[in-house]
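See below for the structure under consideration.
The values are calculated or read from the model by the stated rules, or taken from the named source; none is laboratory data. Just so it is clear, the model here is predicted, and its values are computed rather than measured. As a convention, Cβ positions derive from the backbone with ideal geometry for all residues, glycine included, and neighbour counts pool all protein chains shown. Only protein heavy atoms, including side chains, enter the accessible area calculation; ligands, DNA and RNA are left aside. Shrake-Rupley method; radii C 1.70, N 1.55, O 1.52, S 1.80 Å.
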Amino acid sequence: MNSLGIYEKALPKNKSWKETLQTAKDLGFNFIEFSVDESDERLARLDWTKEQREELRNASWETGVRLHTLMLSGHRRFPLGSADPAIREKSLEMLTKAVDLAVDLGIRNIQLAGYDVYYEPKTIQSREWFMENLKKAVEIAAKKEVMLDIETMDDPFINSLSKIAEIKTQIHSPWLQAYPDLGNLTAWPENNVGRELETNIDNIAAVHLKDTTPVTETSKGQFRDVPFGEGTVDFKGCLQTLKRLGYNGAYTIEMWSEKSDDPLAKVKEAKKFFDDIFAEVGIEQEPIVK
């Protein structure tokens with residue numbers, strides 16, 4: 001039995017937390033994925049007051065909708081591997097605050113964007129700074145027993161589970177795991193997706209459900225806003241593989257519909273898409289709390 005969640009950015013904006021969580025519940029989700037992205041608005045969440053944290057935590061308890069994961073995509077703006085020491089310091093400060101926020105909200109996993117740098121040139125040095133600071137980040141998270149999950153990205157730096165496994169040979173900790181995005185895995189032609197899942201199943205803490213179009217010699221691929229079923233991800237094959245391997249963790253539908261004219265219609269359509277596949281491959285979804 002697996003839980004199914006929805007990314008916060010798929011739901012309508014400017015609602016109270018109780019309204020947002022109740023909407024997720026009404027749509028049939030067990031949890032939401034909380035966002036701390038690179039916008040000033042969401043980065044400010046790292047400095048929330050006790051009262052702001054309490055509001056979200058209480059809304060979660062009242063609705064029965066959990067907060068499983070925190071997506072710390074703000075590291076794209078302030079990366080661990082930056083050439084600027086002030087940005088590297090800021091990056092670790094953000095990580096420390098994210099861990100404390102996760103503890104206060106009952107979040108178990110922080111999803112790390114697998115970029116050494118995003119807006120800067122990539123170098124051997126940027127990789128080294130990333131590795132040095134990732135090691136420090138894992139030590140910070142381990143003290144509070146919060147899991148750090150590296151996501152497979154839309155970037156060649158970390159675009160496979162094998163690359164995350166390689167990192168784990170250098171940073172030995174049960175608090176560092178992998179968060180495969182099935183869309184990102186599929187988009188890179190060098191990945192054998194089924195084998196990636198098979199050989200790295202022991203490292204998988206959570207799974208993103210997202211469709212993509214592939215990287216080719218003439219295309220950079222499309223890594224977001226591809227309607228489910230219109231990309232090239234073999235969701236049935238991936239989910240059947242994960243079921244056979246005994247994966248019992250969470251799945252999160254990742255989509256960005258919060259600013260669309262009718263975000264709820266898009267989320268309902270995505271939910272039905274995956275409900276049908278779950279039923280076909282025999283994945284039982286955790287019942288919704290009444």
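Residues in region 36-72 that are touching a residue at least 60 places away in the same chain (Cβ under 8 Å) and assigned to a loop (DSSP other than H, G, I, E, B) were compared, and the one that is most open to solvent (accessible area, probe 1.4 Å) is GLY64.
Select from region 153-174 the residues that are open to solvent by 20 Å² or more (accessible area, probe 1.4 Å) and charged (D, E, K, R) and list them in ascending order. Result: ASP154, LYS163, GLU166, LYS168. Counted as qualifying within region 185-290 are the helices (runs of 4 or more DSSP H) with 3 or more residues that are open to solvent by less than 20 Å² (accessible area, probe 1.4 Å), namely 235-244, 263-281. The single condition among (1) open to solvent by 10 Å² or more (accessible area, probe 1.4 Å); (2) closer than 16 Å to ALA206 by Cα; (3) free of Cβ contacts under 8 Å to residues at least 40 places away in the same chain; (4) not acidic (Asp, Glu) that MET147 does not meet is (3).
Within region 82-135, the residues that satisfy the criterion of being without any contact (Cβ under 8 Å) to a residue 24 or more places away in the chain and aliphatic (A, V, I, L, M) are ALA86, ILE87, ILE124. Please list, ordered by first then second residue, the pairs with beta carbon atoms under 8 Å, 6 or more apart or interchain, first in region 222-240 and within 20 Å of ALA265 (Cβ to Cβ), second of a type outside the set (Val, Ile, Thr) and open to solvent by 30 Å² or more (accessible area, probe 1.4 Å). The qualifying pairs are ARG224/ASP154; ARG224/TRP256; ASP225/TRP256; PHE228/GLU269; PHE228/PHE273; GLY229/PHE273; GLY231/GLN222. Which residue pairs have Cβ atoms closer than 8 Å, lie 6 or more positions apart in sequence or on different chains, and pair a first residue in region 258-277 that is modelled with pLDDT under 95 with a second residue that is assigned to a helix (DSSP H, G or I) and open to solvent by 90 Å² or more (accessible area, probe 1.4 Å)? Pairs found: SER260/LYS266.
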